[in-house]
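Undergrad: Got a structure here, written out as structure tokens. Questions coming.
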Amino acid sequence: MGSPYDDIDPAHWLQRTKELVGAHPLGSDEIVDVVLGSWRAIFKSRVGALRIGLDITPKPQIMGFFLHELIPREFQRRYPKVWCQERTAADKDLVCLTDPTFSVELKTSSHALQIFGNRSYTQAGDSSKKSKSGYYLAVNFEAFQKGRAPKIKVVRFGWLDDTDWIGQRSQTGQQARIAPAVEKAKLLTLYRSA
């Protein structure tokens with residue numbers, strides 16, 4: 001399948017992104033509601049007798065893991081015949097059972113705005129079964145700081161193509177990123193904290 005941005009001048013990518021987001025069966029308000037609700041649920045959780053945020057302050061990777069688990073499960077709870085969390089390595093994080101083109105990859109980061117993938121995101125024809133092109137939900141959150149609870153900073157939604165990912169120059173680099181201009185044009189901001 002070709003990119004929905006094929007033959008579209010980059011100056012018009014933002015308009016195309018708005019069309020793609022508008023065509024998606026999940027509404028922007030509901031996406032934000034689920035993300036923020038999942039974040040709040042983390043802080044109501046316990047690990048043994050310890051409360052997250054009070055007794056323990058997990059590293060950003062752990063907070064991202066919790067969001068990866070909670071967000072798809074909430075959509076699955078709300079719409080069990082339409083959405084489910086990934087079942088196989090070939091699945092996106094949130095699977096649309098009625099039309100796989102609407103499935104969503106979830107990226108979380110404690111960076112102020114950027115999202116990241118691993119090096120495989122930049123390798124065409126790699127052995128990964130999961131397509132790197134498609135809908136993305138990007139959630140940026142604060143890391144724990146002494147004396148205050150972290151919050152969700154930005155929630156964005158849109159479409160990224162596998163060619164949008166840029167790998168680190170070093171052969172041993174393990175990270176991939178998106179150019180800021182691509183992020184601005186292909187990921188719509190649904191929520192930004194004050």
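Undergrad: Consider I115 carefully, then state whether it is modelled with pLDDT under 90 and crowded, with 19+ Cβ neighbours inside 10 Å.
TA: Details: modelled with pLDDT under 90: yes; crowded, with 19+ Cβ neighbours inside 10 Å: yes.
Yes.
Undergrad: Moving on to the next point. Which of the residues spanning region 54-76 are among the acidic types (D, E) and farther than 18 Å from V32 by Cβ?
TA: If we filter region 54-76 for residues that are among the acidic types (D, E), which is where we start, we get 55, 69, 74.
Residues satisfying the conditions are D55, E69.
Undergrad: Only one of A194, A143 is more than 27 Å from A11 (Cα to Cα), assigned to a loop (DSSP other than H, G, I, E, B) and at pLDDT 90 or above. Can you tell me which?
TA: Details: A194 fails: at pLDDT 90 or above.
Sole residue among the options that is more than 27 Å from A11 (Cα to Cα), assigned to a loop (DSSP other than H, G, I, E, B) and at pLDDT 90 or above: A143.
Undergrad: Mind checking which residues of region 21-49 are of a type in the set (V, I, T) and either more than 17 Å from the chain's Cα centre (by Cα) or under 16 Å from H68 (Cβ atoms) (or both)? Outline the logic, then answer.
TA: Going residue by residue through region 21-49, those that are of a type in the set (V, I, T) are 21, 31-32, 34-35, 42, 47.
Selection gives I31, V34, V35, I42, V47.
Per-residue answers, yes or no, for (1) among the small types (G, A, S); (2) part of a strand (DSSP E or B):
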| site | (1), (2) |
| --- | --- |
| S38 | yes, no |
| L54 | no, no |
| L70 | no, no |
| E74 | no, no |
| V95 | no, yes |
| T98 | no, no |
| T101 | no, no |
| A112 | yes, no |
| G117 | yes, yes |
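Undergrad: Look at region 41-55 and say how many of its residues are closer than 25 Å to R78 by Cβ and either loosely packed, with under 11 Cβ neighbours inside 10 Å or touching a residue at least 60 places away in the same chain (Cβ under 8 Å) (or both).
TA: To start, the set of residues in region 41-55 that are closer than 25 Å to R78 by Cβ comprises 41-46, 52.
If we keep only those that are either loosely packed, with under 11 Cβ neighbours inside 10 Å or touching a residue at least 60 places away in the same chain (Cβ under 8 Å) (or both) too, we end up with 43-44.
Number of matching residues: 2.
Undergrad: Could you list all residues from region 6-23 that are under 17 Å from A181 (Cβ atoms) and surrounded by 10 or more Cβ atoms within 10 Å (Cβ to Cβ)? Lay out the reasoning, then the answer.
TA: Pass one, region 6-23, residues under 17 Å from A181 (Cβ atoms): 8-18.
Answer for region 6-23, where residues must be under 17 Å from A181 (Cβ atoms) and surrounded by 10 or more Cβ atoms within 10 Å (Cβ to Cβ): I8, P10, H12, W13, L14, Q15, R16, T17, K18.
Undergrad: So, one more: Name the single residue, out of those in region 146-156 being in a strand (DSSP E or B) and of a type in the set (D, E, K, R), that is farthest from K44 (Cα to Cα).
TA: Result: R156.
The values are calculated or read from the model by the stated rules, or taken from the named source; none is laboratory data. The model shown is predicted, which means the values in this text are computed figures rather than measured ones. All Cβ positions, glycine included, derive from the backbone under ideal geometry; neighbour counts span all protein chains shown.
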